[in-house]
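For reference, the structure discussed in these notes is given below.
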Amino acid sequence: MRSKAVEKKKRFPEAPYTVAQVRRVWNFTQYDNLITAPVHGYKDADHYYSDASSHQYIPSIQVPVLLLNAQNDPFLTEGCYPIDLAKDLPYVHLVMPRFGGHVGFSRHNWLMGEFYSEMRARQFFGEVL
């Protein structure tokens, strides 16, 4: 991500950060404070995280929806999972497999093109349709 930010700075010199600042970034919050938030009109990373979060929309869901997220997602903290919200909402089906990573959900059939997320979505549609 740092190399992409340096590349963007070269293409867009008016970007609100310096290459030196980018090289000092070592985590997502620093990156989002320096780049993501100001580039997209947010005050800081916390403002970006709260505004961009889907948590605020979950209580309004009125059609069956499957929320699928692995418990071992390396980018998310426990506070990211809408466990308490999902308990009380009839249309929200939160599934949290123990493993799956951030975008993985690879399964023994992945070489044949099937991923756990696809299999679970197909199963969910079968249950609700």
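The values are calculated or read from the model by the stated rules, or taken from the named source; none is laboratory data. Computed from a predicted structure; not experimentally measured. Ideal geometry is used to build each Cβ from the backbone, glycine not excepted, and the neighbour counts take in all protein chains shown.
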Quiz item: How many residues does the stretch 23-64 contain that are among the small types (Gly, Ala, Ser), within 30 Å of Asp88 (Cα to Cα) and in a helix (DSSP H, G or I)?
Solution: 5
Practice problem: Looking only at the stretch 4-18, count how many residues are part of a loop (DSSP other than H, G, I, E, B) and either out of contact with any Pro (no Cβ under 6 Å at 6 or more places or on another chain) or over 12 Å from Leu34 (Cα atoms) (or both). | Solution: 6
Practice problem: Return the only residue of Tyr48, Tyr42, Tyr116 being hydroxyl-bearing (Ser, Thr, Tyr) and in contact with a Pro (Cβ under 8 Å, 6 or more places away or on another chain). | Solution: Tyr116
Self-check item: Failed item in (1) under 19 Å from the mean Cα position of the chain (by Cα); (2) outside the structural domain of Arg120 (by TED's automatic domain parsing); (3) modelled with pLDDT under 95, with Asn33 passing the rest
Solution: (3)
Exercise. Determine whether the stretch 118-129 contains at least one residue that is touching a residue at least 24 places away in the same chain (Cβ under 8 Å) and within 15 Å of the chain's Cα centre (by Cα).
Key: no
Exercise. Go over the candidates Leu67, Leu76, Leu34 one by one and state the one that is within 30 Å of Leu129 (Cβ to Cβ), without any contact (Cβ under 8 Å) to a residue 60 or more places away in the chain, in contact with a helix residue (DSSP H, G or I) (Cβ under 8 Å, 6 or more places away or on another chain) and hydrophobic (A, V, I, L, M, F, W, C).
Key: Leu67
Exercise. Would you mind telling me which numbered condition in (1) hydrophobic (A, V, I, L, M, F, W, C); (2) exposed (fewer than 14 other Cβ atoms within 10 Å of the Cβ); (3) in contact with a Phe, Trp or Tyr (Cβ under 6 Å, 6 or more places away or on another chain) Ala37 fails?
Key: (2)
